[in-house]
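Okay, so here's the structure we're looking at.
Any read-out appearing in this document is the output of simple, stated calculations on the displayed coordinates, not a laboratory observation. All of these numbers come straight from a predicted model, not from anything done at the bench. Every residue, glycine as well, gets a Cβ built from its backbone with ideal geometry; the counts of neighbours run over all protein chains shown.
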Amino acid sequence: MSTPPPHPGSDPLPTRGRAVTARRLAVALALSLSALAMSPPAHAAQATATQAPATPATAAHATATHAPQAVAPQAPRRADLPAGTQFYVNPDSQVAQWVGANPGDSREPAIASRIASQPQATWFADYDPDTITSQVGAVTSAAAANGTTPVLVAYEIPDRDCGGLSSGGAPDVASYDSWMQGFAAGLGGGPVVVILEPDSLSSTDCLDAQGLADRDAALSQAGATLHSADPDARVYYDAGHSDWHDPADQANRLRAAGVTTNGDGIFSNVSNFETTSDEVTYDTSVLADLGDAALHAVVDTSRNGAGPSPDQNWCDPQGRSLGTAPTTGTGDPLIDAYLWVKAPGESDGCADGAGVFDPNLAYALATD
C-alpha cells in the first residue's frame, strides 16, 4: 500500500464524566469468579442504569433486541500476546515517506528518530473490495518476512464516525461483510493484531435501533471472520476511552457486539490523549464488567505523554507529547500491550485533513 488512508479523530460527544470506579483491587477476584459462571449472552440488551437520560441512539442500546446474523463457530481464544513481541515498522508509512523525502529539513532528525523508527498501526479505511486482500497481504507478508507482528486497523464500518471528520465506510452491512472477508483473506497464517473499527461502539448517536442491531451483527461477524481466516489473529473491540462512557455501559455495548464470543479483548484511547494510568484503570473496570477472564486490553499511547489538553480539545491540540513506545512490557497481566494506533503527526482533521501527515504536528509531539 502506498499512502495510508485517513485515520479517525473522535468527534466531541458530550462528556459523561469520569465514571471510573475504585474496583481495581477486586478485579482479579471478579474475573476468577466469572470464569466459574456462564458468561452473559453475547448479544444481551445493553443496560443504561448508570447513565443519564439517553439520546435516541443510546436508548436504542438499552431497548433494542440484538439479533445478529449467524456467525462462524467461535475459534479457540488466542494465547496471551507473547512477552517481547516485536511489532512491525511499516517502511511505507506517511512519516517514513516524509523522512525519506526531506533529508535536509531541520525537523527531520527528531521526527525520524522518535516517530518514524517506532512501530505503528497500518490503517485500512478506503472502501476498495477489489484490492483490500492484496493491501493487507502486502503488510502481513512483509511483517512475517522480518519476524514481526503487524498491527492493522479495520476502519470501514457503515456510517463511520456518524458523519464527522472521518466519515465514510462501506455502503451497507452486506458490503461490509464482503469487504471484511477480503481483509481477512490477506492476514495469512501468522500472528497479527487487529484493531476492529475505532469508535464503532462508542460513537453510535446517529444510529436508530435497527442500525445499532445491524452494527452489532456486523462487528460480531467480523470477529468470527477474522479468527476463521487466521487462527493467530488477536482481535480487539472498541472500548472508547476513560473520559467517555461509564465502564458498565461500555461493557454492555461490547457484549452486544460479540466481544465475549468473537473477540480477544478491547482497545482504548485510539486517537485520544487520556493518560495511560486512567486508561488502565478504565479498561480494568470494563473487563471486570464483561466478566470474561480470557479478555485483555491494549491501550493507544501514541500521543498521551502529556495527557489531554486542559480544555479537553481532541482535534490536534497543542502542547501534547509522545507516550510510551509500543511494547508488551506493560507490567499488568490484563494489558497486553501499549500500541501506537494513531500515527503521531497525522492530523485529526483541524491542522490538516483527517489522516494527513503534518510535519509540524509530528515535530511538536517529538520535541515537547
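Some values worked out for this structure:
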read-out	value
Extension reserve of the Asp368-Asp332 stretch, reckoned as 0.36 nm per residue once the Cα distance is removed	10.2 nm
Extension reserve of the Asp130-Ser178 stretch, reckoned as 0.36 nm per residue once the Cα distance is removed	16.3 nm
Stretchable slack from Ala101 to Asp205, in nm (0.36 nm times residue separation minus alpha-carbon distance)	33.3 nm
Residue-count net charge about Pro344 - beta-carbon cut-off 10 Å; Lys, Arg +1, Asp, Glu -1	+3
